[in-house]
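Report on the following structure.
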Amino acid sequence: MTKRTSAKYKIDRRMGENIWGRPKSPVNRREYGPGQHGQRRKGKMSDFGIQLRAKQKLKGHYGDLTEKQFRRIYTEAERRRGDTGELLIGLLERRLDAVVYRAKFVPTVFAARQFVNHGHVLVNGKRVNIPSYRVSEGDVIEVRERSRQLAVVLEAAQLPERDVPDYIDVDHSKMRATFVRTPALSDVPYAVQMEPNLVIEYYAQN
């Protein structure tokens, strides 16, 4: 099992939810938590626990970002005018690795981060190898021609369990995507419910 696959399944088990909607998630077989005490009855979670779980789930969905990375994005969302929760989601979805994942160029967000890191992605014709790079509306993201026959790319195009959202316009024959607009929470195809309002409450109190 690769490191990124192991991490993906570990997050699912920890959260008790199939965060990415993958058919092979261990949660599909066992809804209880990992470890020898995983099947014990869970007590009622505190407000802090609920908020923390919401943050971990959202952070995990984007490849288990570090706390420093995630807090930086939250701080920027809070600084801007508008609904902080919606702005947080918009900033997360503008990450280059998130766009590469949503466009179905690779099968997982973990693979997207590695794919970008290894220089397989162009933004407006220029190679960008920073997963956290923030795309703008109208930016064209494409897979380098020499990278289009990689196994990870071919695998992603055949995935039946997720569709490309309408805020990204994709031409898979050219392996090219255009980031049309910054999405709202309701536009993002999360496999499970995300609650950015609880994330905001968590950071407001901690």
Q: Would you mind stating whether Ile141 is over 15 Å from the mean Cα position of the chain (by Cα), part of a loop (DSSP other than H, G, I, E, B), surrounded by 11 or more Cβ atoms within 10 Å (Cβ to Cβ) and of a type in the set (A, V, I, L, M)?
A: no
Q. From the residues in segment 66-98 that are among the hydrophobic types (A, V, I, L, M, F, W, C) and within 19 Å of Asn197 (Cβ to Cβ), which one is surrounded by the fewest Cβ atoms within 10 Å (Cβ to Cβ)?
A. Leu91
**Q.** Residue list for segment 157-200, restricted to those being part of a strand (DSSP E or B), open to solvent by less than 50 Å² (accessible area, probe 1.4 Å) and under 20 Å from Ala111 (Cβ atoms)
**A.** Ile168, Val170, Ala177, Phe179
(Q) Here is a list: Phe110, Phe115. Which entry is among the aromatic types (Phe, Trp, Tyr), surrounded by 15 or more Cβ atoms within 10 Å (Cβ to Cβ) and under 19 Å from Lys57 (Cα atoms)? (A) Phe110
Q) Which pairs do you get when a residue that is within 14 Å of Ser132 (Cα to Cα), found in segment 49-72, comes within reach of a residue that is open to solvent by 50 Å² or more (accessible area, probe 1.4 Å), reach meaning Cβ atoms under 6 angstrom, with the pair 6+ apart or on two chains? A) Gly63/Arg113
Q.
Given the criteria in contact with a Pro (Cβ under 7 Å, 6 or more places away or on another chain) and open to solvent by less than 20 Å² (accessible area, probe 1.4 Å), does Val135 qualify?
A. no
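The values are calculated or read from the model by the stated rules, or taken from the named source; none is laboratory data. Predicted model, so just to flag it, every value in this text is computed and none were measured. Using ideal geometry, Cβ is built from the backbone for each residue, glycine included, and neighbour counts are taken over all protein chains shown. Remember, those area values only see protein heavy atoms, side chains included, never the ligands or the DNA or RNA. Shrake-Rupley method; radii C 1.70, N 1.55, O 1.52, S 1.80 Å.
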